[in-house]
Structures are given as structure tokens and as C-alpha cells.
Amino acid sequence: MNYTALLTGIFKPNVSPNFLSQTGWAVLRAIVGVMMIHNGLDKLGNIESFAEAYVQVIGLPFPIFFSYVAGFTELIGASLLILGLLTRLAGLGLFSTMCVAMYHHILVAGLNISYLELSAIYAACFLFFAINGAGLFSSDALIANWLDNNAFSAQAKQIMRLEKAYQATSADKEVNAAVK
């Protein structure tokens, strides 16, 4: 299994290198990330209240535990999103928390758009990053570039070794032909 190709595929964003669109991706990551850090800190600031008002309502067991999971997912995932580091994984975790939030809003208020809109917008943004990655202006892109360069370097060394081996066998054939 080619681990470098697998890792490069995880980190490499689905992008066209358009400066303006990549700047937009970075700005979106930063804004959504900062807002989500705020949400995570709010949850962790009064965990019992959040657990009672949100987690118990949807019937999850261990509401305090799942409240901490939600708070830390939002805090850590949003920080990773801002940095553009492990963006797909962070986006997936944050998307999951927003799906639970939308489920809560539907249970409490039905399909009332005023309750659903913010968590749905967040969910769409996080799904976008989970699918597409962080973009070119990110830590993930730097890591993917580094992995690509190392893979290229290893491939170049392998080609050079094969070339030397070929030259050695060609030289052996010439010696054998001269001896005959």
C-alpha cells in the first residue's frame, strides 16, 4: 500500500488554483471557525445547563459526557479548521455536531426555519470543508506539497537506481560479448 499517496489524498484539497476563490475559502474557514469556537466555549462554560436543555431533550444517554464531546469537538475542530489542519476530519466532526443540533431543533420546534437556519448554514459549511479540504492557503496544502515532493524525490531516486542497474547489466552484456 502506498501510504504517501493515501496521506497526500487526505491532505490535498479539491481546488483550482484561483487566487480569489482560495482567498474566499480561507476567509470562510476563519470566520466559521471563530464563530464555532465561541459556541464551544459557551457550551463548556455551563456544561450542566447545556446538557439539560439540549442533550437530555434528544434522549442521548450520559448527557454531561456528550455535552463535553460536543463542546470539545467545536473548540478543537474549529481551531483545526482555522489553521486548515486535518480539515476534512475537523469538518466531519463539526458537521456531525451540527446534524445533532438540527435534530434537536426539529424535535423542539418542528421544521421551523428560524430555529434551523444557523445550524443548517454551519452544517453546509462544514460539509463543504469535509468534502473539499481546506484549500491552497492552509496547513493541509503545505503538508500535501511536502508529501508530494518527498514522494517525487523517492521516485526520482528509484528511477536513478533502476537506471544504474540497467547500465550495469548493459556493461555486463558488453563484457560478455567481447569475451566471446
For region 93-152 versus region 29-47, the gap between their alpha-carbon centres in whole angstrom: 14
Would you please classify the overall shape of region 1-110 from the alpha carbon gyration tensor, given that a ≥ b ≥ c denote the square roots of the eigenvalues, rounded means a/c under 1.5, and beyond that prolate means a/b larger than b/c while oblate covers the rest? prolate
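Any read-out appearing in this document is the output of simple, stated calculations on the displayed coordinates, not a laboratory observation. Every value quoted in this text rests on a predicted model; they were computed, and no experiment measured them.
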